[in-house]
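As structure tokens, the structure follows; a few thoughts come after it.
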Amino acid sequence: MTRHLAAFTAALFLSAAPAALAQTTLNVGMAAADVGQLDPHRATTTQDKPVVAWIFNGLVRFAPGSASLEGLEPDLAEKWESSPDKLTWTFTLRKGVKFHGNWGELTADDVVFSLRRAGDSKSSSFAADYAAFESIEAVDASTVRIKLKQAIPSLLGLVTNYHGGNIVSRKAVEALGADFRLKPVGTGPFSFTEYKPNESITLAAHKGYFRGAPKIDRIVYRFIPADSARDLAFTSGELDLIYGRQDQKWAERFKKEPGVVVDVLRPSELSVIHLNTTMKPLDDKRVRQAIAHAINRPQMVAFKGELTADLPSSVVPNGYLGTDDKAPLLAYDVAKAKALLKEAGLEGGVTVKSVQTSLPTMLNSMQIVQSQLKQAGVDLQLEVVDHQTFHANIRKNLSGVTYYSAARFPIADVYLTQFFHSSSIVQTPTAVTNFSHCKVADAEITAARSEPDPVKQKALWKTAQTKIIEEVCAVPLFEQLQVWAHKTNLDFGYKLTDAIHLGPVITELTTKK
Amino acid sequence: MLLFVAKRLLLAIPTLWAVLTLVFVLVRVVPGDPTIVILGDQASPAARAALRERLGLDRPLIVQYGEFMGQIVQGDLGRSLVTNRPITTDVWAVLPFTIELTLAALFIGVAVGVPLGVAAAQRRDGFVDWFARLFSLAGLSFPAFVSGILLLIAFAVQLRWFPVISTANAADPLDRIRALVLPAVNLGLIMVAYVTRVTRSGMLKALGEDYIRTARAKGMPHATVVWRHALRNVLVPIVTVVGLYLGVLIGNAVVTEIVFNRPGLGKLIVTALNQRDYALLQGLMVVSAFAIVVANILTDLTYGLVDPRVKTQ
Amino acid sequence: MSAAAPVSLAAPSAWSRATRSGGLIIGLVLVVALVAVAALAPWVAPYDPDAQDVVNRLGDPSAAHWFGTDEFGRDVLSRVIWGARISLFVGFVATMAGVVIGTVIGIVSGYYGGWIDRVITACTDVLLSFPQLIMGLILVAVLGPNLQNLILAIAVTAVPAFVRVARGSTLAMKERDFVDACRALGYGDLRIMFLHVLPNILDEVVVMASLWLATAIRTESTLAFIGLGVPPPTATWGGIVREGFDNLLDAPWMSVFPSLAILAVMIALNLIGDGLRDATDPRAPQ
């Protein structure tokens, strides 16, 4: 295994050496202390997802710069067809696609291996998405057939270059084992070369990329957690592309700076407070309603900045397939909140506890919530802990009010299941992120998943959202857009409007002058 | 002297053992475990449990402790739980950066602090004295992350003398020095403050002593009196402070390392703690504790050198 | 301060010597003023320190908001005034704990030597082998971030430092003739340690202490930067500096004003420290 690796790195260095003179390096600055991981079937954080997108491909892909399921285009598959009942899908693979380094050519076997791996909870965080898959088989070296147990909203969505749909090299995964996490091997335009803890990831152009050799030779992806330091490095020209601050003032400042383009991208992350319906005093629905009435969403958006935040319309992010854009969210009404508390016998005020991370952006949002709730006589006590303790403790059911900001695959089912289905309740064997112990919409969420009629399906999702809002399992706060900035000498090679991978895609066409 | 060093190193063994045991216990009391970093926040509880088993985190603490101590005795720091890289590799990768930053900060501290302190002591309440006192206090009042950014704005963005990202893994020594200057100044500011204060107060005391007056009365040149005789007496407290901070600097450097984007031991320790990478954290604490032990021995040796009255026991 | 007793014992003209340059007076006035502002915060602060105002986010210093506003539109001046309460408290308590405990242990250790010294040195070495910040970080993570635990974490890092300084100076002092003379006179150990050694090493301890107080306040800020601070919305100087750091390029005053407040405390304490040093130093110039 080590010999294999040595050969792999040696090959990389050899191939890079002759071009060393006129190299174009893209320097990217990310707001994180370190990488989480680059295994596409596990990567979920903002700092990991963009890099994964530069390394891997799916059978189909989101058009660069777009996050729309309607605009999917062929990627590793050159064509596909489905049976009339939409239960059998056959994909024909592109020929001659090479994995990075010496990991050989892509075959149907790699695709089968990858999709099975994505559907296995031992190796993937997205296994639940693939529950409807009955079988994945290689018909021949370049044909893959997927059979479904029942029709699902978007099969193509599950084989895109997103989350579980990313295709990995079977040989590499088997040879590297646990090390694959930080030594990913894919077919994308850039290959992984080096990782320095707390410092950077270096990627090199994949000369044998099937769409053509990338014009940028190297990407250095730096972890610069201090916002000011990242901004200064960008201003001084040491970085070409940076993850911005999700803040109005920040966006305004860089909009004024010459030679800089501020990119405000969708899909957004929905920030929500989940109210633990099993914990006193939140087990009283009137208290939860009071909290919902005390939240002033327009003010929340004003704090976050109109350039970088949107008003949410439901407990599912805007623009997902199935989001109810006229959901009956409880309106801001302090008098009503106070009346509800009085009715609950808590007119003297009530204290609720929240475990909160020390990460500034999240903590800041909670400080606004804290101040708004205070108006209604709700004392929100923040127990600020470090980020790992936060993740551990909210899963141990220790938090009454849990702030969580997330984007998921843009179909309502994923978000509803992970946050509001009883199977996802924390501290159960199938736990995901249902912090509120919500279970009022189980029937609708489950039924919608296998509903073949799109109209009925949407109606089921709408009912589910209405029920969750009515029960006040969660209160949406605002939608946070992704904010990046790049220098004008960087040309992505496509029109950047959306970023399904939370950051701009760097393709073979991207250039830097 | 060799015997003294050997004895001190031997005495350090229980210290290191106590440090390690303390670290071992403390990090396991903190909630959370490395599986969230390794598997991400959406992994299933079953996958987490399987990983804990693979990493050996499900075994009784006493077994883990025994194994860890056994490894250390064999000189093996083990592998990081999160990256699965050998810890020695990561330590060797950052150690040169930490050493060069620490020494540079120390150098700045002494090279600026001692003359400033001496000058201040000579004209008490004079202009130099007030400047030195204010300057050193200002250095202590601004947290390192604020002073760091201010330095970057002035010297890296406005004047463009130095880079903002001080990674400098380039083999070019000039680049490396350029990248070192601002972080060293930032970290050195605190050293300057301490050294100036201690020097000034020690000098004031020394200049009032009888033998100095005698030396002066004998007509000895002013500079000789000050630099040879008076300063000699101030060396002990200066060495104490410098020795104390040699160790403290390694950890305190973390803020400077974050702001200037330098690799370093401090930053690695904080990340290991944040990621609950028990193995890495323990390994790093061995290294940092050992470095501090060495610094302490050097301090005590220096006492003997600068002040013959202190016997090296 | 613990220096008070030996002062009057050591020199009757101490007061006049201490106030010679006027530094002590200025320092005392500054400290009294700062403490008064902190104590009278509810009456002195122009605004509610926690009142958010979405319209005035990150406002420049102005007539209405002398120190500008923070990212929640809160008045920075009011937060600095309220923050003085917590920060001065944290600084004083943590430093005094470190000074008193550390100095006593250090003198005992240096004076007796032998196995006492060895045990104390070993314990000090263990504590000092943790980089100070890391120690604080781990302690706060274990105990939970609230005011008492922060004070405890900062004090724990201060104690061994004072042990070291006091021990080092005592060692040097022990070799001096006057200690032998005291022994020859048959003075008890306690008397020699606290009436003769202590006044002679006090200047170094006082200098350290006056610097450490700022270190304590700064440590709170640094802990908030790399890990955990006092939970919001409580205003502390360290917390305001830390929050300001995120907005340093848009609103530098947020970090600068509380830093200047820390500087004011430092100046005051050092003037007092120097004054006391002069007063306790039997050989200070006339």
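Scanning the stretch B:21-54 for residues that are more than 10 Å from every other protein chain (Cβ to nearest Cβ) and under 23 Å from the mean Cα position of the chain (by Cα) yields one hit, B:Phe24.
For the stretch A:423-437, the candidate set comprises residues that are out of contact with any strand residue (DSSP E or B) (no Cβ under 7 Å at 6 or more places or on another chain) and more than 28 Å from A:Lys86 (Cα to Cα); within that set, the residue that is surrounded by the most Cβ atoms within 10 Å (Cβ to Cβ) is A:Val432.
Among the criteria (1) surrounded by fewer than 19 Cβ atoms within 10 Å (Cβ to Cβ); (2) among the charged types (D, E, K, R); (3) not in a loop (DSSP other than H, G, I, E, B), the one A:Asp263 does not fulfil is (1). Pairs are defined by a Cβ separation below 6 Å, a sequence spacing of at least 6 or placement on different chains, a first member in the stretch C:128-140 that is more than 7 Å from every other protein chain (Cβ to nearest Cβ) and touching a residue at least 60 places away in the same chain (Cβ under 8 Å), and a second member that is surrounded by 24 or more Cβ atoms within 10 Å (Cβ to Cβ) and not aliphatic (A, V, I, L, M); the pairs so defined are C:Gly136/C:Thr157.
Note on the stretch B:256-265: residues that are part of a helix (DSSP H, G or I) and either farther than 21 Å from A:Thr389 by Cβ or basic (Lys, Arg) (or both) amount to 5. Residues that are in contact with a His (Cβ under 6 Å, 6 or more places away or on another chain) and of a type in the set (S, T, N, Q) are absent from the stretch A:159-182.
When the stretch A:367-382 is limited to residues that are more than 7 Å from every other protein chain (Cβ to nearest Cβ) and without any contact (Cβ under 8 Å) to a residue 60 or more places away in the chain, the one that is nearest to A:Asn296 (Cα to Cα) turns out to be A:Lys374. Taking (1) within 12 Å of chain B (Cβ to nearest Cβ); (2) surrounded by 22 or more Cβ atoms within 10 Å (Cβ to Cβ); (3) within 20 Å of the chain's Cα centre (by Cα) in turn, C:Thr103 satisfies each apart from (1). Is it the case that the stretch A:190-209 has a residue that's in a loop (DSSP other than H, G, I, E, B), among the hydroxyl-bearing types (Ser, Thr, Tyr) and either surrounded by 22 or more Cβ atoms within 10 Å (Cβ to Cβ) or modelled with pLDDT of 90 or more (or both)? There is at least one residue in the stretch A:190-209 that is in a loop (DSSP other than H, G, I, E, B), among the hydroxyl-bearing types (Ser, Thr, Tyr) and either surrounded by 22 or more Cβ atoms within 10 Å (Cβ to Cβ) or modelled with pLDDT of 90 or more (or both). Every test in (1) within 30 Å of A:Gly29 (Cα to Cα); (2) within 20 Å of the chain's Cα centre (by Cα) is passed by B:Arg197 save one, and that test is (1).
Yes or no: the stretch B:162-182 includes at least one residue that is over 23 Å from B:Val112 (Cβ atoms), assigned to a helix (DSSP H, G or I), away from chain C (no Cβ under 12 Å) and among the hydroxyl-bearing types (Ser, Thr, Tyr). Within the stretch B:162-182, not a single residue is over 23 Å from B:Val112 (Cβ atoms), assigned to a helix (DSSP H, G or I), away from chain C (no Cβ under 12 Å) and among the hydroxyl-bearing types (Ser, Thr, Tyr). Taking the stretch A:320-415 and the strands (runs of 3 or more DSSP E) fully enclosed by it, the elements with 2 or more residues that are charged (D, E, K, R) are at A:378-385. Residue by residue through the stretch B:109-127, note down the ones that are of a type in the set (Gly, Ala, Ser) and not in a helix (DSSP H, G or I). Across the stretch B:109-127, the qualifying residue is only B:Gly126.
Looking at A:Pro454, is it within 14 Å of chain B (Cβ to nearest Cβ), touching a Pro at 6+ places or on another chain (Cβ under 9 Å) and farther than 30 Å from A:Asn27 by Cα? Spelling it out, it is not the case that A:Pro454 is within 14 Å of chain B (Cβ to nearest Cβ), touching a Pro at 6+ places or on another chain (Cβ under 9 Å) and farther than 30 Å from A:Asn27 by Cα. Can you tell me which residue in the stretch C:215-240 is nearest to C:Ala38 (Cα to Cα), limited to those that are among the small types (Gly, Ala, Ser) and within 11 Å of chain A (Cβ to nearest Cβ)? Among those that are among the small types (Gly, Ala, Ser) and within 11 Å of chain A (Cβ to nearest Cβ), it is C:Gly239.
Between A:Leu359, A:Leu363, the distinction of being under 23 Å from the mean Cα position of the chain (by Cα), within 14 Å of chain C (Cβ to nearest Cβ) and surrounded by fewer than 17 Cβ atoms within 10 Å (Cβ to Cβ) belongs to A:Leu359 only. Here B:Val287, B:Val239 are screened, and the one residue that is among the hydrophobic types (A, V, I, L, M, F, W, C), more than 7 Å from chain C (Cβ to nearest Cβ) and more than 30 Å from B:Thr89 (Cβ to Cβ) is B:Val239. The residues of the stretch B:8-20 that are more than 7 Å from chain C (Cβ to nearest Cβ) and of a type outside the set (Phe, Trp, Tyr), listed by number, are B:Arg8, B:Leu9, B:Leu10, B:Leu11, B:Ala12, B:Ile13, B:Leu16, B:Leu20. What about B:Gly208, is it surrounded by 14 or more Cβ atoms within 10 Å (Cβ to Cβ) and more than 8 Å from every other protein chain (Cβ to nearest Cβ)? Here the answer is no, as B:Gly208 does not meet what is asked. Out of the stretch A:125-142, which residues are at pLDDT 90 or above and of a type in the set (Gly, Ala, Ser)? Listed by number, the residues that qualify are A:Ser135, A:Ala138, A:Ala141, A:Ser142. Scanning the stretch C:48-58 for residues that are free of Cβ contacts under 8 Å to residues at least 40 places away in the same chain and either on the phi > 0 side of the Ramachandran plot or crowded, with 19+ Cβ neighbours inside 10 Å (or both) gives C:Gln52, C:Arg57. One residue alone among B:Val5, B:Val63 is modelled with pLDDT under 85, away from every other protein chain (no Cβ under 12 Å) and in a helix (DSSP H, G or I), and that residue is B:Val5. Of everything listed in (1) away from chain B (no Cβ under 14 Å); (2) in contact (Cβ under 8 Å) with a residue 24 or more places away in the chain; (3) farther than 24 Å from A:Gln246 by Cβ, the single unmet condition for A:Lys396 is (1). Looking across the stretch A:212-234 at every residue that is more than 21 Å from A:Glu199 (Cβ to Cβ) and out of contact with any Phe, Trp or Tyr (no Cβ under 8 Å at 6 or more places or on another chain), the one that is farthest from the other protein chains (Cβ to nearest Cβ) is identified as A:Gly212. Can you tell me which residues in the stretch A:238-248 are at pLDDT 90 or above and more than 9 Å from chain B (Cβ to nearest Cβ)? Listed by number, the residues that qualify are A:Asp240, A:Leu241, A:Ile242, A:Tyr243, A:Gly244. Residues in the stretch B:109-130 that are away from every other protein chain (no Cβ under 13 Å) and free of Cβ contacts under 8 Å to residues at least 40 places away in the same chain: 5 in all. The condition (being more than 26 Å from C:Val207 (Cβ to Cβ), out of contact with any strand residue (DSSP E or B) (no Cβ under 8 Å at 6 or more places or on another chain) and among the acidic types (Asp, Glu)) is satisfied by just one residue among B:Asp125, B:Asp76: B:Asp76.
The values are calculated or read from the model by the stated rules, or taken from the named source; none is laboratory data. Model, not experiment: these values are computed from the prediction. Neighbour counts are summed over all protein chains in view; Cβ atoms, including those assigned to glycine, are modelled from backbone coordinates with ideal geometry.
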